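The values are calculated or read from the model by the stated rules, or taken from the named source; none is laboratory data. Worth saying up front: this structure is predicted, and the values here are computed from it rather than measured. Cβ: placed from backbone, ideal geometry, glycine included. Neighbour counts: every protein chain shown. Keep in mind that these areas ignore ligands, DNA and RNA; they rest on the heavy atoms of the full protein, side chains included. Shrake-Rupley method; radii C 1.70, N 1.55, O 1.52, S 1.80 Å.
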Amino acid sequence: EVKKGLTELEGLKRGELSIGVNESSIHALLPALAKFRTAHPGVQVRVHRMFSRDIPHEVLNYRLDVGAVSFVPREPQLQATEILKDELALVVPLKHPLAKKREIDIEDLGQETFVGHIVESPYRRRVIELFARHRTTLNMPIEMPTIESIKRFVQMGMGVAIVPRMCVQWEIEHGWMKEVKVKQLNIPRHVYLVGRRGARLPHAAAELMRRMRISSEIGRASCRERV
């Protein structure tokens with residue numbers, strides 16, 4: 001029975017996979033997780049939402065198999081694999097006057113109502129600093145607890161928002177909101193899959209890492225072809 005169990009684990013017929021994410025980084029994992037679930041339906045996948053700053057510590061202490069973060073952890077016991085290159089994007093309602101424009105200057109946003117994200121992050125600070133450098137008012141009278149609520153409010157016509165593009169890609173592609181290019185808005189985001197360095201990963205986690213590396217390599221090759 002033990003041999004049979006080990007064989008099933010190695011063949012990924014059963015097992016568990018524990019992943020730590022914040023609200024935005026889960027969007028980078030969804031395509032690979034969908035393929036993983038199709039290939040290995042017997043594996044129990046548990047995705048835990050937490051603050052990015054806590055994820056490396058949870059991986060180190062074996063409470064998570066892997067985690068997805070937007071920075072390279074300082075802990076030398078961890079290794080980080082880049083899985084996605086993203087950037088911040090301005091999205092507006094379909095009937096908004098800016099929706100008719102392909103590109104604008106940041107000064108054009110001084111009179112707009114922004115729906116903000118109440119969670120503190122380095123990217124939130126960089127956006128605030130960007131508006132300050134260009135002496136443009138950042139009017140943010142409402143701040144939401146989740147990106148999903150921000151997207152819904154924008155779709156309702158209650159304002160515009162600056163969010164990670166990967167979080168609104170689906171809505172943009174389906175024509176539910178419009179992305180407008182801002183000349184001065186050039187804030188890239190990198191998403192990394194973090195695991196314990198030198199430690200043997202559980203079979204399920206190792207397989208997910210493999211799939212994410214392949215997806216990342218395909219994405220980079222696609223970008224090179226477009227260039």
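Points to keep in mind about this one:
- Ranked packing of 38-47, 105-114, 56-65, most packed first, by mean Cβ within 10 Å: 56-65, 105-114, 38-47
- Residue-count net charge about Pro122 - beta-carbon cut-off 12 Å; Lys, Arg +1, Asp, Glu -1: +3
- Of interest is the spacing of the C-alpha centroids, which for the range 12-44 and the range 135-213 amounts to 18 Å.
- The chain, helix-only ellipticity at 222 nm - DSSP H runs n ≥ 4, -39,500 (n - 2.57), divided by all residues, nearest 500: -11500 deg cm²/dmol
- Cα long-axis angle, helix 26-39 against the chain (0 to 90 degrees, to the nearest 10): 40 degrees
- Whether the range 9-99 is rounded, prolate or oblate, judged on the alpha carbon gyration tensor where a/c under 1.5 counts as rounded: oblate
- For His48, the residues 5 or more places off, or on other chains, whose built amide H falls under 5 Å of its own are Ile19, Gly20, Val21.
- The range 93-154 shape via C-alpha gyration tensor axes, a/c threshold 1.5: oblate
- Computed on the range 65-211, with alpha-carbon pairs under 8 angstrom and 6+ residues apart, the relative contact order is 48 percent.
- Acute angle (nearest 10 degrees) that the helix 203-226 long axis makes with the longest principal axis of the chain, alpha-carbon atoms: 40 degrees
- Accessible area of the range 86-133 divided out per residue, in Å², using a probe of 1.4 angstrom: 59 Å²
- The phi torsions of the range 167-180, fed into the Karplus equation with coefficients 6.51, -1.76 and 1.60 and a -60° offset, translate into couplings of 7, 10, 4, 4, 5, 5, 5, 8, x, 8, 7, 10, 8, 10 Hz, rounded to whole numbers, with Gly and Pro shown as x.
- Taking the range 52-132 and dividing mean pair separation by its residue count, relative contact order in percent (alpha carbons under 8 Å, at least six apart): 15 percent
- Loop-located trypsin sites (Lys or Arg not before Pro) in the range 114-147, at most 12 other Cβ atoms within 10 Å (DSSP): Arg135
- Low-density loop positions, GluC sites (Glu not before Pro), the range 139-203 - DSSP coil, at most 10 other Cβ in 10 Å: none
- Based on Cα contacts under 8 Å between residues 6+ apart, the range 10-84 shows a relative contact order of 40 percent.
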